[in-house]
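The values are calculated or read from the model by the stated rules, or taken from the named source; none is laboratory data. Please read these numbers as outputs of a predicted model, since none were measured by experiment. So basically every Cβ, Gly included, is an ideal-geometry build from the backbone, and we count neighbours across all protein chains shown.
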Amino acid sequence: METRGLRSVALSLVAFTAIALAVYACAVNPVTGKSELALVSFTPEEEIALGAKAYGPAVQQQGGFYRDKALEAYVQGVGMRLARVSHRPNLEYRYRVLNSSVPNAFALPGGFIVINRGLLVGLKSEAEMAAVLGHETGHVTAKHSLAGYQRALATNVLLAGVSIAAGGTMGVMELSGITASLVNNGFSREQEREADWLGIDYMVKAGYNPEGAVQLQEYFYSQLEGGKNPMFVEGLFRTHPFSKERMDNARAHIAKRYAGIAGNPNYTFNESIFLQKTARLREVQKAYDMADEGDKLLKEKRYGEALAKYQAAAAREPDQAPFPSSIGRVHLIRKEYPAAESALQRAIRLDDEFFEPHLLLGALRYQKTDYRGAIPELSRSMDLLPTKQAAAFLSKSYEAIGDRENAQKYAGMAQ
């Protein structure tokens with residue numbers, strides 16, 4: 001009986017796998033022009049919707065946007081110079097700066113591209129920034145993230161097949177988990193090399209000196225060598241594997257295709273423009289260095305010292321929302337509710353689209369048994385970034401005011 005049961009499971013799995021493979025379709029890669037197998041064929045509109053679904057949560061989880069309208073316009077303008085000469089110029093690209101000291105950059109399907117404050121502040125020229133943005137644009141045009149999503153889909157289908165063959169049911173795939181992988185999964189060496197080459201091609205077409213890409217790779221190598229900068233390992237190198245071979249490949253690509261361009265004055269680095277446009281960012285970074293020290297102290301539960309660092313950062317740069325949010329967090333931990341509420345409300349006034357102060361203010365009001373006051377703040381935080389913590393507070397708050405329907409709804413989300 002046991003052998004017959006195993007054989008039945010195996011036959012069921014084979015049958016399910018055959019069905020799953022039968023639904024694969026061919027999609028044409030815009031960069032290579034070659035047909036590729038795909039479990040699901042996405043229209044441009046569907047690709048944009050997929051990227052948009054992951055974009056908001058990814059941004060919020062990593063610090064929100066860095067608020068500087070002039071810098072945002074500058075980064076968007078450089079990005080669009082590259083996008084217009086790319087293989088997919090008709091996508092509605094968005095190039096933004098993320099408010100994180102971790103040096104990183106990422107791209108999502110549909111043209112959602114982010115460069116972190118912690119990476120941008122270390123660059124020396126517009127050509128280097130163009131190399132970063134061009135590389136990420138290459139990931140979009142070559143549909144690298146979408147390829148990873150297809151692999152996740154295929155894995156899910158096969159796992160569902162195992163479940164069915166074993167007598168289970170095929171559950172609905174957790175789309176939120178898949179979209180998270182669009183940011184967290186690294187790219188293969190082949191994909192990184194292709195994105196490097198595409199970025200260089202886009203740079204040249206946009207009028208930048210391709211040596212800027214070499215200078216960028218040399219900067220990365222200097223941060224990697226001897227473990228000089230652990231932040232790069234935590235950020236950029238975690239999702240974008242780097243090696244000296246990759247740097248040499250970029251040099252070889254330039255030598256082969258653009259040997260006569262490096263000395264041509266028509267292809268620019270734009271160092272002075274870049275340094276001018278990012279001068280304010282480098283000044284603000286000094287305050288974020290203080291706040292980063294505060295974060296380390298907070299993890300060590302050295303609350304008074306952490307608070308002093310956050311207050312010093314806020315005094316230096318009073319218009320940056322993360323600083324009063326962090327001040328409010330420390331006061332909340334210490335149950336200093338009036339001071340916490342004042343700081344958190346200031347953070348919200350500075351940036352209403354930053355989820356953290358809404359969550360903290362909702363938690364504060366819950367702790368004060370002001371359940372009706374907690375609900376709007378917790379709901380706003382959930383709109384920006386759904387979290388189990390906010391859902392749990394919402395469930396309990398609704399329960400406290402006798403709204404059992406919403407209490408059950410959010411209790412399910414908190415599990």
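Only one of the numbered conditions (1) touching a strand residue (DSSP E or B) at 6+ places or on another chain (Cβ under 6 Å); (2) outside any helix (DSSP H, G or I); (3) farther than 26 Å from E190 by Cα is not met by F106, and that is (3).
For region 247-272, a residue qualifies if it is closer than 22 Å to V78 by Cα and out of contact with any Asp or Glu (no Cβ under 6 Å at 6 or more places or on another chain), and the qualifying residues are I254, Y258, I261, G263, N264, P265, N266, Y267, T268, F269, E271, S272. Hey, any hits in region 249-258 for a residue that's part of a helix (DSSP H, G or I), of a type in the set (A, V, I, L, M) and modelled with pLDDT of 95 or more? Looking through region 249-258, none of the residues is part of a helix (DSSP H, G or I), of a type in the set (A, V, I, L, M) and modelled with pLDDT of 95 or more. Counting only residues that are at pLDDT 90 or above and among the charged types (D, E, K, R), region 190-217 holds 5 of them.
Take Y74 and tell me if it is within 29 Å of M382 (Cβ to Cβ) and either in contact with a strand residue (DSSP E or B) (Cβ under 6 Å, 6 or more places away or on another chain) or modelled with pLDDT of 95 or more (or both). Against the criterion (within 29 Å of M382 (Cβ to Cβ) and either in contact with a strand residue (DSSP E or B) (Cβ under 6 Å, 6 or more places away or on another chain) or modelled with pLDDT of 95 or more (or both)), Y74 does not qualify. Any residue in region 66-80 that is in contact (Cβ under 8 Å) with a residue 40 or more places away in the chain, under 19 Å from E192 (Cβ atoms) and not in a strand (DSSP E or B)? No, region 66-80 contains no residue that is in contact (Cβ under 8 Å) with a residue 40 or more places away in the chain, under 19 Å from E192 (Cβ atoms) and not in a strand (DSSP E or B). Considering only residues in region 118-131 that are in contact with a strand residue (DSSP E or B) (Cβ under 7 Å, 6 or more places away or on another chain) and either buried (at least 24 other Cβ atoms within 10 Å of the Cβ) or of a type in the set (S, T, Y) (or both), the one that is farthest from Y202 (Cα to Cα) turns out to be L119. Figure legend. Inter-residue proximity from region 274-294: first residues under 12 Å from G118 (Cβ atoms), second residues of a type in the set (S, T, N, Q), beta-carbon distance below 6 Å, spacing 6+ or different chains. Indicated pairs: Y288/S101; D292/S101. Based on what the data block shows, is G304 modelled with pLDDT of 95 or more, closer than 26 Å to K368 by Cβ, surrounded by 15 or more Cβ atoms within 10 Å (Cβ to Cβ) and in the same structural domain as L364 (by TED's automatic domain parsing)? No: the conditions fail for G304.
Matching residues to (1) among the aliphatic types (A, V, I, L, M); (2) in a loop (DSSP other than H, G, I, E, B); (3) in the same structural domain as G118 (by TED's automatic domain parsing); (4) surrounded by 18 or more Cβ atoms within 10 Å (Cβ to Cβ):
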position: E293; (1), (2), (3), (4): no, no, no, no
position: Q311; (1), (2), (3), (4): no, no, no, yes
position: V330; (1), (2), (3), (4): yes, no, no, yes
position: E356; (1), (2), (3), (4): no, no, no, yes
position: G373; (1), (2), (3), (4): no, no, no, no
position: D383; (1), (2), (3), (4): no, no, no, no
position: L394; (1), (2), (3), (4): yes, no, no, yes
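Any residue in region 400-412 that is free of Cβ contacts under 8 Å to residues at least 40 places away in the same chain, part of a helix (DSSP H, G or I) and under 24 Å from S100 (Cα atoms)? No, region 400-412 has no match at all. Would you check if there is a residue in region 90-99 being in contact with a Leu (Cβ under 8 Å, 6 or more places away or on another chain), of a type in the set (S, T, Y), outside any strand (DSSP E or B) and buried (at least 18 other Cβ atoms within 10 Å of the Cβ)? For region 90-99, residues in contact with a Leu (Cβ under 8 Å, 6 or more places away or on another chain), of a type in the set (S, T, Y), outside any strand (DSSP E or B) and buried (at least 18 other Cβ atoms within 10 Å of the Cβ): absent.
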